[in-house]
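First comes the structure, then the notes that go with it.
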Amino acid sequence: MLGIVSRQRLGLLRHCLNSAIVNAGDVEFGATVVFDDDIEGYLACPEYPWLTKKLITPRHYYVRSVNTLISTIMEGPLPDYIVSIDDDTEFIQTPWAEVCVSFFDEQFPDGLGLMDLLSHNECGQLFTTPAFVKQMGGLLHDPAYLQFYADTDLRRKVGNRFIHLNSLKGRPFFVHKRDFSTSGHTTLSSIKTADFKVFKARAAANNWDLYEA
């Protein structure tokens with residue numbers, strides 16, 4: 001199951017979904033999209049039999065919207081694997097899903113682990129339903145954050161049950177298309193400052209390295 005949060009970027013979302021399906025390989029595929037305070041995108045997004053859509057308001061930002069996304073996925077038939085990714089992601093490598101699932105199974109035959117699909121310090125999480133329930137306590141990201149550093153807390157939560165795979169034959173699985181406006185950068189900068197205060201306090205209390213500062 002591919003999980004995506006989207007906000008006012010329907011064109012990028014379509015590229016993400018299309019490229020993910022076309023390049024997935026030999027896997028059973030479905031997707032859930034949460035539209036974060038974006039009724040226009042929600043209504044305009046095509047209806048597909050493999051796609052579940054949900055609209056949430058008011059604005060949630062990354063952490064709350066992703067938590068809502070995963071809880072929405074868990075309301076349906078429980079998937080074997082979940083990949084949480086951004087809507088401005090385009091999958092450029094094939095068969096990305098087939099390779100990632102195979103690699104995950106080799107590393108965690110019991111299904112209890114977390115894998116990041118890293119590309120130039122970007123990330124998307126791949127995990128199983130048992131990992132979500134047993135390792136993450138049914139909550140992917142700590143709601144103390146809005147947008148930033150939640151990924152770091154997540155990795156700390158799973159401890160040494162964390163791996164990453166960033167490419168196939170030297171080519172990344174996906175690319176991000178960042179297109180934030182100037183006003184968007186200002187808002188995100190303010191949120192990052194607030195989130196860093198939370199992260200810094202926790203890092204000091206737990207003797208963490210501040211490698212995401």
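Which of the three applies to segment 55-190, rounded, prolate or oblate, going by the alpha-carbon gyration tensor with a ≥ b ≥ c and a/c under 1.5 meaning rounded?
Taking the square roots of the gyration eigenvalues as a ≥ b ≥ c, segment 55-190 is oblate.
Restricting the count to DSSP beta bridges whose residues both fall in the chain, what percent are antiparallel, rounded to a multiple of 5?
Of those bridges, close to 40 percent are antiparallel.
Placing unit charges on C-beta atoms (Lys and Arg positive, Asp and Glu negative, everything else neutral), compute the dipole magnitude of segment 2-206 about its Cα centre in debye, rounded to 20.
Computed charge dipole of segment 2-206: roughly 740 debye.
With a cap of 14 neighbouring Cβ atoms within 10 Å, and only residues DSSP puts in a loop, list the chymotrypsin sites (Phe, Trp or Tyr not before Pro) found in segment 22-87.
PHE29, TRP50
Can you name the helices of the chain, as whole DSSP H runs, whose Cα span along the helix axis is 30 Å or more and whose Kyte-Doolittle mean is not below -1.0?
TM-like helix candidates: 182-206.
Using the charge dipole of segment 2-206 (Lys, Arg: +1 at Cβ; Asp, Glu: -1 at Cβ; taken about the Cα centre), state which of HIS176, VAL198, GLY41 has its Cα farthest towards the positive end.
Selected residue: VAL198.
Enumerate by residue number the chymotrypsin sites (Phe, Trp or Tyr not before Pro) in segment 85-144 meeting two conditions: DSSP loop (anything except H, G, I, E, B), and at most 11 other Cβ atoms within 10 Å of the site's Cβ.
Nothing satisfies the criteria.
Going by how many other Cβ atoms sit within 10 Å of their own, how do MET115, MET74 line up, fewest first?
Ranked by crowding around the Cβ, least crowded first: MET74, MET115.
Quote the relative contact order of the chain in percent (integer), defining contacts as alpha-carbon pairs under 8 Å separated by 6+ residues.
21
For segment 57-108, which GluC sites (Glu not before Pro) are both in a DSSP coil and crowded by at most 16 other Cβ atoms within 10 Å?
GLU75
We did not get these values from a lab; they are worked out from the coordinates using the rules stated. Computed from a prediction, not measured in an experiment: that's the story for all the values here. All Cβ positions, even for glycine, are placed from backbone atoms using ideal geometry, and neighbour counts span all protein chains on display.
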